[in-house]
1. Residues that are surrounded by 20 or more Cβ atoms within 10 Å (Cβ to Cβ) and of a type in the set (S, T, Y): which helices (runs of 4 or more DSSP H) entirely in segment 50-136 hold 1 or more of them?
2. If A138 satisfies every condition in (1) within 22 Å of M3 (Cβ to Cβ); (2) touching a residue at least 60 places away in the same chain (Cβ under 8 Å); (3) among the hydrophobic types (A, V, I, L, M, F, W, C) but one, which is the exception?
3. Looking for whichever is at positive phi and either without any contact (Cβ under 8 Å) to a residue 12 or more places away in the chain or assigned by TED's automatic domain parsing to the domain that holds L226 (or both) here; the options are G259, G302. Which one fits?
4. Being among the β-branched types (V, I, T), more than 19 Å from the chain's Cα centre (by Cα) and modelled with pLDDT under 95 is the filter here, so list the residues in segment 309-332 that pass it.
5. Out of segment 346-371, which residues are more than 23 Å from R159 (Cβ to Cβ) and in contact (Cβ under 8 Å) with a residue 12 or more places away in the chain?
6. If R58 meets every condition in (1) on the phi > 0 side of the Ramachandran plot; (2) in contact (Cβ under 8 Å) with a residue 60 or more places away in the chain apart from one, which number is that one?
7. What are the residue pairs meeting all of these: first residue in segment 84-108, first residue more than 23 Å from L161 (Cβ to Cβ), second residue outside any helix (DSSP H, G or I) and small (G, A, S), Cβ atoms under 7 Å, and 6 or more apart or on different chains?
8. Of all helices (runs of 4 or more DSSP H) completely enclosed by segment 269-371, which ones contain at least 3 residues that are crowded, with 23+ Cβ neighbours inside 10 Å, of a type outside the set (G, A, S) and out of contact with any helix residue (DSSP H, G or I) (no Cβ under 7 Å at 6 or more places or on another chain)?
Amino acid sequence: MSMFHLGLIINPLAGLGGPAGLKGSDGVAEQALALGSEPRAALRTRTALECLRPVQQRLEFLTFPGPMGADLLSEMGFAYRLLGELDDGPTSAADTRGAVAALQEAGVALILFAGGDGTARDVCAVVREDQPVLGIPAGVKIHSGVYAISPRAAGELTRRLVEGGLVRLASGEVRDLDEAALREGKVAARWYGELCVPEEGGYVQQVKQAGVESEELVLSDLAAWLEDSWEADVRYIFGPGSTLHGLAQNLGLQTTLLGVDVIENGQVIAHDVNEAQLYELVADYPARLLVTAIGGQGHILGRGNQQISPRVLRAVGLDHLRVVATKRKLGTLQGRPLLVDSGDVELDDTFPDVVRVWAGYKEELLYPLSR
């Protein structure tokens, strides 16, 4: 059983200013402590992590020393690995930003962070556009749309992801109030950016007829999205299977049902290619790879598409791999992860714990992946 890697960042100072009536904690943590406020971020994070007890054996956290994560994880008995060190004294915004950068570099499936709007701003300042994050609400100001509605909700949503439930990706706004102005009775909010956050994904699309997902309509939606986002002079590899074949038909393209085809600038430039032909087409050319899952089984690589070899995957780059699957097809897996078996164990080990699945028009899901 492969491990699921989660990043954890706790802002130990988050929420201190609330009980002290300071309208926030930015820059006033020492004052709040002097007024008798007690740290609450770890307690809020504990509530979230308690929801992960049923999947504890499948998890490894990547976190930071002391109050930024290690103390709580050690106390609760979760497996974790430390990244970096902390200086003596209170933690800072720079510590949060450095932690986000380190977790991204480590390739975690999801970054959980406990804090408030100031913490969300620090995360937003350095996080990549495609890195999923989720806030555990622990601050005074929680105006940003990147936090779960409660610590328990953050834990339940994370558990759903680990268990293979359908979790949709969305953009959440990062907003923060000017605390100095707020303390003078003025409300001045500012938009700082957006983060990629998971939401609970339903098995049924709300826009489909009679509450039942129609595969034909989904493929039409996906074709419209792809048509809107074609990149010029980029070669798109379409793997085998009825899902991608149907997607191509909706684009007015004739592809091979059980073969691999290459499309460039809206035209099929190579039909039913073998491994050598495919490698020659993408070795020195920007490319994107679309594959689908075998229904009920879950393999996305290594079953029926061996033309997509390890050297082809390295040439394209795992960042340019997208899985295309309807929610109905994912539902046939009953929570089991998607699978890769490229024939190269070293390469398989570099795949992320979760992959993005295109499931509808501008609708991406996060789904677990196993090797």
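1. Per the criteria, 93-106, 117-126.
2. Unmet for A138, out of (1) within 22 Å of M3 (Cβ to Cβ); (2) touching a residue at least 60 places away in the same chain (Cβ under 8 Å); (3) among the hydrophobic types (A, V, I, L, M, F, W, C): (1).
3. G302
4. Residue satisfying the conditions is T332 alone.
5. Hits for segment 346-371 are L347, D348, D349, T350, W358, G360, Y361, K362.
6. All conditions pass for R58, except number (1).
7. G98/G84
8. The helices (runs of 4 or more DSSP H) meeting that bar number zero.
The values are calculated or read from the model by the stated rules, or taken from the named source; none is laboratory data. Note that the coordinates shown come from a computational prediction; the quantities given were computed from them, not determined experimentally. With ideal geometry, Cβ positions are generated from the backbone for all residues, glycine too; neighbour counts draw on all protein chains shown.
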